[in-house]
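Okay, structure first, notes after.
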Amino acid sequence: MLSPVVRDHFIALVPPQMRMGPEWFQGTADAIFQNINLIKQQQPELTIIFGADHIYRMDIRQMIDFHIAKGAEVTVAARPVPLKEASDFGIIVTNGEGRITGFQEKPQKPTPMPGASDRAYVSMGNYIFNTDVLLKALGKAQRTREHDFGMHVIPGLVKAGKVFAYDFSSNIIPGIQAYEEVGYWRDVGTISAFYDAHMDMLGLAPAFEINNSQWPMHGGGQRSVGVKIIRGDIRNSLISEGTIINGAKIRNSIIRSGVRIEKGASIEDCIIMDNVVIKANCKLKRVIVDKLNTVEVGEQIGFDPEADRFRCHIDPSGIAVLPREGRKPRGSR
């Protein structure tokens, strides 16, 4: 379908193909292999593979220019991290030209990046491939049953000498504010990371500023009426279109579109998804409420973990998650 945001571009929404049998994708490389027909149909010179559960801003054109200038066959986006934190990650080892010479999986003594003895390169899981190189590598990975790009495919190509690391910190985005975290990037593959990334958008000087007119963030295309606030005490929160607030207290929270919050409700440190109804006198603290839920009159979530377990998923971080299907009946596990 045509993109409603970027004209003259299109987005192909492809459900999982499962072309090799009923099993789910075995890894990142297997997922691409099972959709390889789409690449062959388009016949691009370059194929760009980016992870979908990361939060960051990036001008991909700059990474492409780097790839072409280096005569690379594969380019991996690399994020500099402090050396004292690098042992928690897989490390990319490079020479002074940015050529990748090796990988280290959570090493005790990470190899610093060239020219910066206090930092090391970590892979962001974003790749640019020359398409012919990608197709050959995927065929080999399928034969050897090695299905992960970071662990198998990319290391297997390093010996050719044409695999490079692109320094994400060099990517220039207009409109970035001085108070923002330089090279902001978060993997939101866990509930706690998802929650923390939302909180990073709050405040007068957020780590990740979503209001950037020079590099805007586009939503899903929903068009709704403005926010209606009858009365309320609202502080340090983001509230989306179509929300109605009548006499509620909201603190440090993200309120998505179409939410209705009734009189006497108290919401603190929460993420409330689309089209949720929070009825009168509810109290929520450190809760993620998934879309289309109704929280009934006077309910309290986030104050008693043992009581919440009957109706919510409790993350190890302590965050309560009310799932999309709604509140579980009391007394059920």
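Overview of values
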item: Gain in span if fully extended, residue 187 to residue 244, counting 0.36 nm per residue against the direct Cα distance; result: 17.3 nm
item: Among 40, 70, 285: highest mean-square fluctuation, GNM of the chain, C-alpha pairs under 10 Å; result: 40
item: Considering only the range 228-322, percent of DSSP beta bridges that pair antiparallel, nearest 5; result: 5 percent
item: Most mobile listed residue (253, 117, 87) in the chain, GNM with C-alpha springs under 10 Å; result: 117
item: Choice from 230, 48, 278 with maximal GNM fluctuation in the chain (Cα, 10 Å cutoff); result: 230
item: The range 227-243-the range 254-297 distance, computed between alpha-carbon centres (Å); result: 12 Å
item: Residue among 276, 37, 320 farthest towards the positive dipole end of the chain, charges placed on Cβ; result: 276
item: Antiparallel content of DSSP bridges confined to the range 110-267, in %, to 5; result: 5 percent
item: In the range 173-222, the GluC sites (Glu not before Pro) that fall in loop regions by DSSP, at most 10 other Cβ within 10 Å; result: none
item: Loop-resident sites, the range 28-108, for GluC sites (Glu not before Pro), counting at most 11 other Cβ within 10 Å (DSSP); result: 45, 97
item: Square roots of 5 times each gyration tensor eigenvalue, C-alpha, the range 28-170, largest first, Å; result: 25, 17, 14
item: Magnitude of the charge dipole, the chain, Cβ model with Lys/Arg +1 and Asp/Glu -1, debye to 20; result: 680 debye
item: Under 14 Å, Cβ to Cβ, from residue 50 - net charge with Lys/Arg +1 and Asp/Glu -1; result: 0
item: Furthest towards positive pole of dipole, 142, 245, 111, structure part the chain, Cβ charges; result: 245
item: Cα-projected label distance for residue 300 with residue 131, points at 7 Å along beta-carbon direction, nm; result: 6.1 nm
item: CD proxy at 222 nm, helix term only [per DSSP H run n ≥ 4: -39500 (n - 2.57); per residue of the chain; nearest 500]; result: -4500 deg cm²/dmol
item: The range 243-333, dipole about Cα centre (Lys/Arg Cβ +1, Asp/Glu Cβ -1), debye to the nearest 20; result: 140 debye
item: Listed candidates [x] 1.28; [y] 1.15; [z] 1.07 - label of the one calculated as Cα Rg over 2.2 N^0.38 Å; result: [y]
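Throughout, read-outs are computed from the coordinates displayed, never taken from laboratory work. Not measured: the values here are computed from a predicted model. In this analysis, Cβ positions are derived from the backbone assuming ideal geometry, glycine residues included, and neighbour counts consider all displayed protein chains.
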